[in-house]
Amino acid sequence: MPQLQEITAYTNQYLRINEFADYCPNGLQVEGQAEVLKIASGVSASLAFIEQAIDWGAQCLLVHHGYFWKNERAEIVGMKKRRLQALLSKDMGLLAYHLPLDAHPVVGNNIQLAQRLEIGSIEPLQQTAKAPIGNVGKLATPLPATEFVARCEQVLGRKAVHIDSGPVQVQTIAWCTGGAQSMIDQAVERQVDVYLTGEISEQTVHTARECDLHFIAAGHHATERYGVQALGEHLAEKFALQHQFFDIENPA
C-alpha cells in the first residue's frame, strides 16, 4: 500500500504549496494510519463528510476546506472536538489544500470550472502576482449574457445570482471560484464582460452596476466541487488508490 507521507510529499510538491501565503496550513492537517488504500475527497471536512467516508472505509480524506484557519479559536471543543474525534477514532488522515488547489493549472478549481463552462485562452487575472489565483479567458464565440448564465446554472445545478449590468453579448470572462467576490475590482481593470465567482457581497452589486460588468455568483460550494475531485482522481491513478468523491449538499 502507498504510504501517507509519500502521498503528502508528492501532493505538496505537485500543488506548489510553498508558493502561497494562505489562511490555513496546506498539506497534512491530521496524521492518520501510515498505509492508504482508499482516499475520499470532498469540498469541506464537515462531520457529515467524515461519517460517509468512514462508512466507505477510507483511510485518508482529501478536502479543499480543512481546519486550523487564521483567527480561529484554538480550543478543541464543540464542533471541532466532534470532527477531530471522528477522525482520530478511526486513525484517519486529513489532507487539505486551499489556495494551491484553486490555482493549479491542471486539477485546480478554476481550470476545472473553465473546462466545464467552455472558457478558453486562459491567463492569470493577477498579471504581476507570484502565485496568481484568478483567471481571465474567452468564450469561443460571443453569447448573449443570459445564455452564459444559463450555461453556468446547468453545469453547476443551481440558480445563480446575476447582476445584469454588462453588454448584451459577452465573450471575455474573469473568474475565481469560492468566496472571491472582492476580486471584482481586478476584473474591472481587465475590462472583461463578466466576472464569475461563488459568493456575492453588498458592495459588489454596486461595482458591477457602476462599471458596466456582469457579475455572477454561482455558489461557493458549487464552483469548488471539481478541483478536489480531479486531484483525488490524479492521486488514485498515481498511487493505485481507490477514490470516491462525496458531495455534501450545500446551498451556499
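The values are calculated or read from the model by the stated rules, or taken from the named source; none is laboratory data. What you see is a predicted model, and the numbers here were worked out from it, not measured in a lab. Glycine also receives a Cβ, built like all others from the backbone with ideal geometry; neighbour counts cover every protein chain displayed.
Values computed for the structure shown
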item	result
Residue match in the range 146-153 (condition: surrounded by 15 or more Cβ atoms within 10 Å (Cβ to Cβ) and either part of a strand (DSSP E or B) or touching an Asp or Glu at 6+ places or on another chain (Cβ under 7 Å) (or both))	no
Unmet criterion (only one of (1) within 24 Å of Gln52 (Cβ to Cβ); (2) in contact with a Ser or Thr (Cβ under 8 Å, 6 or more places away or on another chain)) for Ala252	(2)
Residue list for the range 36-54, filter: assigned to a loop (DSSP other than H, G, I, E, B) and either surrounded by fewer than 21 Cβ atoms within 10 Å (Cβ to Cβ) or aromatic (Phe, Trp, Tyr) (or both)	Leu37, Ser46
Matching residues, the range 185-233, being surrounded by 17 or more Cβ atoms within 10 Å (Cβ to Cβ) and hydroxyl-bearing (Ser, Thr, Tyr)	Tyr195, Thr197, Thr204, Thr207, Thr223, Tyr226
Unmet criterion (only one of (1) under 23 Å from Pro100 (Cβ atoms); (2) more than 16 Å from the chain's Cα centre (by Cα)) for Pro167	(1)
Residues of the range 22-48 satisfying the condition of being within 16 Å of the chain's Cα centre (by Cα) and within 19 Å of Trp69 (Cβ to Cβ)	Asp22, Tyr23, Cys24, Pro25, Asn26, Gly27, Gly42, Val43, Ser44, Ala45, Ser46
Matching entry among Gln127, Gln112, Gln33 (being touching a Lys or Arg at 6+ places or on another chain (Cβ under 9 Å), outside any strand (DSSP E or B), under 30 Å from Thr172 (Cα atoms) and modelled with pLDDT of 95 or more)	Gln112
Qualifying residue in the range 65-81 (condition: under 19 Å from Leu235 (Cβ atoms) and in contact with a strand residue (DSSP E or B) (Cβ under 8 Å, 6 or more places away or on another chain))	yes
Filtered residue count, the range 131-164, keeping only those that are more than 23 Å from the chain's Cα centre (by Cα) and within 19 Å of Asn110 (Cα to Cα)	1
